[in-house]
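Here's the structure, in structure tokens; my notes come after.
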Amino acid sequence: MKVTVKVPATTANLGPGFDCLGMALPIYNTITIEETVLPGTGVEINVFADSDIVEQSSLEHIPLDNNSIVYKAVELLYNMIGQSPAELRINIHSNIPVARGLGSSSSVIVGALFAANELLGRPADELALLSIACEIEGHPDNITPAIVGGLVISSQEDDGSVVYRKLDWPEEWAVTVCIPDFELSTDIARSVLPAEVPMADAVFNAKRLAMFVQAVHTKDSELMKLALQDKLHQPYRMKLVPGLNSIIDNLKHFDNVLGCVLSGAGSSILIISEKNNIEKIRSVVKDSWADQNIKCEIRTLSIENHGAQIITNED
Ligand code: HSE
């Protein structure tokens, strides 16, 4: 049996929603799991770059053995039904750039889980898959939209269960993802965060996140401009993303820009704007990064409202 799953990229945090807000984007990895017939061959994992924005070199340091997140995802699912994975070939075709804050690790965890679940006759429902995936990833903000699509607010509770709700993204707002030519690992980007933050900063974010939800709900651009700010992670990560400060500064003069934030843990930058004047926004980012000798790929994207989908299931 052979199952292929398509999983979208995701952007997380969206300014004030550290570790809880995320949104699916129309860039996809596909993950195929095939039962192989040769006994004793174990689990074989292969990764292929399927697009120009995924460098083969960035795939080379991804673990492919039993320490990989893909193996762990499959193993946890098999263990849930009292089995261990064996004789499987897992092929990952990668279009989502690695270590750029676009949910490439979530997409492969989710893809492997969905494919293995299908092979096993669907022992896990959506909530069980969410819990297993978040256990591996450590936070739900990329995993949940990778599974359910759209813009989502989610939380993994103390008992491991995941609670989420989808929000409707206003069609009037454009999402521009600016992907630089340098990687930033989430581990490094999390290592610069403090264990505790000042009460005033926590209150700042609580206010912004409430504003975000209301701004999205009522399509209120002026409120969204206030909402797209953060004091929990971005100030600490600024130094890891050269040019981010000047891009934010240069975009302040644009009335149609609602906000410019880190995508997930970086290194990509996400710009939320109204749909006019996008070319000008793109050239500001390109020029600001060019001043730092950084090349980039910039894409203005629609929101992907579907999460992971099984695209083939062959006996
Ligand atoms: N919320 C996460 C972070 C997203 O900012 O570290 C990256 O996985």
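The values are calculated or read from the model by the stated rules, or taken from the named source; none is laboratory data. Please read all numbers here as calculations on a predicted model, not as lab measurements. Using ideal geometry, Cβ is built from the backbone for each residue, glycine included, and neighbour counts are taken over all protein chains shown.
Taking residue 255 as the residue in question, decide whether it is at pLDDT below 95 and under 27 Å from residue 62 (Cα atoms). Give the derivation first.
Numbers: at pLDDT below 95: yes; under 27 Å from residue 62 (Cα atoms): no.
Answer is no for this residue.
Taking the criterion of being farther than 20 Å from residue 92 by Cα, within 16 Å of the ligand (Cβ to nearest atom) and in a helix (DSSP H, G or I), would at least one residue in segment 147-156 satisfy it?
no
Given the criterion touching a residue at least 24 places away in the same chain (Cβ under 8 Å), more than 30 Å from residue 280 (Cα to Cα), touching a Lys or Arg at 6+ places or on another chain (Cβ under 8 Å) and within 16 Å of the ligand (Cβ to nearest atom), identify the matching residue among 192, 177. Outline the logic, then answer.
Numbers: 177 fails: more than 30 Å from residue 280 (Cα to Cα).
Among 192, 177, only 192 is touching a residue at least 24 places away in the same chain (Cβ under 8 Å), more than 30 Å from residue 280 (Cα to Cα), touching a Lys or Arg at 6+ places or on another chain (Cβ under 8 Å) and within 16 Å of the ligand (Cβ to nearest atom).
Only one of (1) in a loop (DSSP other than H, G, I, E, B); (2) farther than 19 Å from residue 238 by Cβ is not met by residue 163, so which one is it?
So the condition that residue 163 fails would be (1).
Inside segment 93-124, can you point out the residues that are more than 16 Å from the ligand (Cβ to nearest atom), under 22 Å from residue 25 (Cα atoms) and surrounded by 24 or more Cβ atoms within 10 Å (Cβ to Cβ)?
The first filter runs over segment 93-124 and keeps only residues more than 16 Å from the ligand (Cβ to nearest atom), leaving 93-95, 111-124.
Still in the list and also under 22 Å from residue 25 (Cα atoms): 93-95, 111-115.
Passing the criteria: 94, 111, 112, 113, 114, 115.
So which pairs qualify, if the first residue must be in segment 87-109 and of a type in the set (Asp, Glu), the second must be more than 12 Å from the ligand (Cβ to nearest atom) and at pLDDT below 95, the Cβ gap must be under 7 Å, and the two must be at least 6 apart or on different chains?
87/35; 87/36; 87/38; 87/39; 87/41
I'd like to check which strands (runs of 3 or more DSSP E) are fully inside segment 1-106 and have at least 3 residues that are within 15 Å of residue 145 (Cβ to Cβ) and touching a helix residue (DSSP H, G or I) at 6+ places or on another chain (Cβ under 7 Å). Break it down stepwise before answering.
Working: elements: 2-13, 17-35, 43-49, 88-94.
Once the strands (runs of 3 or more DSSP E) in segment 1-106 are filtered for at least 3 residues that are within 15 Å of residue 145 (Cβ to Cβ) and touching a helix residue (DSSP H, G or I) at 6+ places or on another chain (Cβ under 7 Å), what remains is 2-13, 17-35.
Select from segment 195-228 the residues that are within 16 Å of the ligand (Cβ to nearest atom), more than 25 Å from residue 285 (Cα to Cα) and part of a loop (DSSP other than H, G, I, E, B) and list them in ascending order.
Result: 195, 197.
Working only within segment 300-315, note down all residues that are of a type outside the set (S, T, N, Q) and in a loop (DSSP other than H, G, I, E, B).
303, 304, 306, 307, 308, 315
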